[in-house]
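Written below as structure tokens is the structure these notes are about.
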Amino acid sequence: MRAGNIVQRTQTRVPHPVLGDMNYEHEFAQWQDLGGGTHNSVAVEFANFVAVIEVPLDERRSLAVIDKIVELVPDKPIRYLVNTHDHYDHLGGLRTYLHVGATILTHQRNRMFYEAELLNYVPRMLEPDMVSLYPPTEISEGYTMEDVDEKYILGDGRRYLEIYYVQGLGIHVEGMLMAYLPEERILIEADLYDPGLLPASRARPTAAETALLDNVTQNEIDPLLIAPIHGDAVTWKAFLRETRQGH
Ligand SMILES: [Zn+2]
């Protein structure tokens with residue numbers, strides 16, 4: 001503790017939703033209250049299956065989302081899980097979706113990290129999750145993931161979900177994906193633009209906001225709406241206006 005009763009350093013072992021039992025040592029320079037309702041998941045219904053984009057935070061949240069999906073679409077399996085990038089707050093439910101039988105779609109850059117650290121049988125003693133308690137056979141058989149390179153399309157002949165690699169984000173994150181429903185013209189993105197959550201005082205556009213527009217332009221897609229992983233849905237026009245980017 002230091003002046004003001006603010007914790008300066010902690011060391012403990014914690015059950016981590018991504019990495020399992022983890023030796024946790026942290027120097028706190030700055031506190032941030034993340035509050036609740038910080039992340040969204042997006043479920044897309046196809047003729048015979050459901051695809052989910054993003055599994056934030058932890059297993060408890062993921063099970064609540066899965067319950068909701070089963071309530072809304074009771075007769076179709078969740079067959080695909082699209083993970084946009086490798087930040088920990090976006091990974092906590094990967095093992096949960098693996099356990100319900102979903103194939104994980106992520107950029108090829110993320111595969112080695114996920115296979116080595118997440119999608120394995122290393123026992124989690126402190127807070128055992130479903131994979132720890134009831135190990136699925138998929139992991140040993142190697143059917144857990146599919147790589148996305150530049151573009152990947154999920155579809156059933158009527159509805160399509162296009163998944164794109166987001167280029168030009170070297171500093172923030174490598175291996176970022178965004179998803180697009182071409183019929184509905186809805187773009188799903190994480191961390192590139194967080195509507196309503198960014199300080200109005202920031203220099204606009206940010207590098208990530210520029211990258212979002214660049215990637216939309218390069219891929220010749222034409223969204224009407226952004227369904228963000230952080231924040232509320234907004235129109236594409238509002239995004240252009242708010243980030244001071246014109247056509
Ligand atoms: Zn995020």
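Using a 1.4 Å probe on the protein heavy atoms, what percent of the accessible area of the range 42-242 belongs to carbon and sulfur? Write out the running numbers ahead of the final one.
Working: 5070 of 9580 Å².
Using a 1.4 Å probe with all protein chains present, the range 42-242 comes out at 53 percent carbon and sulfur.
Annotation: per residue accessible area for the chain equals 53 Å², rounded to a whole number [probe 1.4 Å, protein chains only].
Less than 5 angstrom separates the built amide H of VAL234 from those of ILE226, all sequence-distant by 5 or more or on a different chain. Straight-line cross-link partners of LYS68 among the lysines, defined as a Cα under 21 Å from its Cα and at least 8 positions apart when in the same chain: LYS76. Counting only Cβ charges, +1 for Lys and Arg and -1 for Asp and Glu, the dipole size of the chain around its Cα centre is about 540 debye. Along the axis of the charge dipole computed for the chain (Cβ charges of +1 for Lys and Arg, -1 for Asp and Glu, origin at the Cα centre), the listed residues ILE188, VAL70, ALA200 are led at the positive end by ALA200. Backbone geometry of the range 199-211 corresponds, through the Karplus equation with coefficients 6.51, -1.76 and 1.60 at θ = phi - 60°, to 3J(HN,Hα) couplings of x, 5, 7, 5, 6, 10, x, 6, 4, 5, 5, 5, 4 Hz, x marking Gly and Pro.
Remark: accessible surface ordering of TYR193, TYR143 (largest first) is TYR143, TYR193, probe radius 1.4 Å. Just name one of GLN245, TYR114, GLY20: the one whose Cα is farthest towards the positive end of the charge dipole of the chain (beta-carbon charges, Lys/Arg +1, Asp/Glu -1). Highest projection toward the positive end goes to GLN245. For the range 100-113, putting each phi into the Karplus relation 6.51 cos²θ - 1.76 cosθ + 1.60 with θ = phi - 60° gives couplings of 7, x, 7, 8, 8, 9, 8, 5, 4, 5, 8, 4, 4, 4 Hz, in residue order, rounded to whole numbers and with x for Gly and Pro.
Note on GLU115/LYS76: beta-carbon distance plugged into 1/(1 + (r/R0)^6) with R0 of 25 Å gives a FRET efficiency of 0.35.
In deg cm²/dmol and to the nearest 500, what is the mean residue ellipticity at 222 nm of the chain if only DSSP H runs of at least 4 residues count, each as -39500 (n - 2.57), divided by the residue total? Can you show the working numbers first?
Details: 6 runs with 47 residues, N = 247.
It comes out at -5000 deg cm²/dmol, rounded to the nearest 500.
Of the beta bridges in the range 42-242, as assigned by DSSP with both residues counted there, near 55 percent are antiparallel. Here the range 80-129 is assigned +1 on the Cβ of each Lys and Arg and -1 on the Cβ of each Asp and Glu. Its dipole about the Cα centre then comes out at about 160 debye. Positive end of the dipole of the chain, charges at C-beta (+1 Lys, Arg; -1 Asp, Glu), about the Cα centre: which of ALA233, TYR164, GLY142 has its Cα farthest in that direction? Checking the options against the dipole of the chain, the answer is ALA233. Here the Karplus relation 6.51 cos²θ - 1.76 cosθ + 1.60, evaluated at θ = phi - 60°, turns the backbone of the range 48-61 into coupling constants of 10, 7, 10, 10, 10, 10, 6, 9, x, 6, 8, 5, 4, 5 Hz, with x for every Gly and Pro. Per-residue accessible area (protein heavy atoms, 1.4 Å probe) orders ARG95, ARG111 as ARG111, ARG95, starting from the largest.
For the range 57-124, compute Rh as the Kirkwood radius over C-alpha pairs and then the Stokes-Einstein diffusion coefficient at 4 °C and 1.567 mPa s; write the answer in µm²/s, rounded to an integer.
Numbers: Rh = 12.7 Å.
In µm²/s, the coefficient is 102.
Extents of the chain, largest first, come to 53, 52, 32 Å (Cα atoms, principal axes, whole angstrom). Applying 1/(1 + (r/R0)^6) with r as the Cβ-Cβ distance of GLU220 and ARG241 and R0 = 30 angstrom yields a FRET efficiency of 0.90. Please compute the net charge surrounding ARG204, taking Lys and Arg as +1 and Asp and Glu as -1 over other residues with Cβ under 14 Å from its Cβ. In short, 0. Heavy-atom accessible area for GLU242, with the other protein chains in place and a 1.4 Å probe, reaches approximately 60 Å².
I need the per residue convex hull volume for the range 71-204, using only the alpha carbons, in cubic angstrom as a whole number.
Numbers: hull volume 23.2 nm³, N = 134.
Here the figure is 173 Å³ per residue.
The values are calculated or read from the model by the stated rules, or taken from the named source; none is laboratory data. If you're wondering where the values come from, they're calculated on a predicted model, not measured in any experiment. Virtual Cβ from ideal backbone geometry, glycine too; neighbours counted across all protein chains shown. For accessibility, only protein heavy atoms count, side chains too; no ligands or nucleic acids. Shrake-Rupley method; radii C 1.70, N 1.55, O 1.52, S 1.80 Å.
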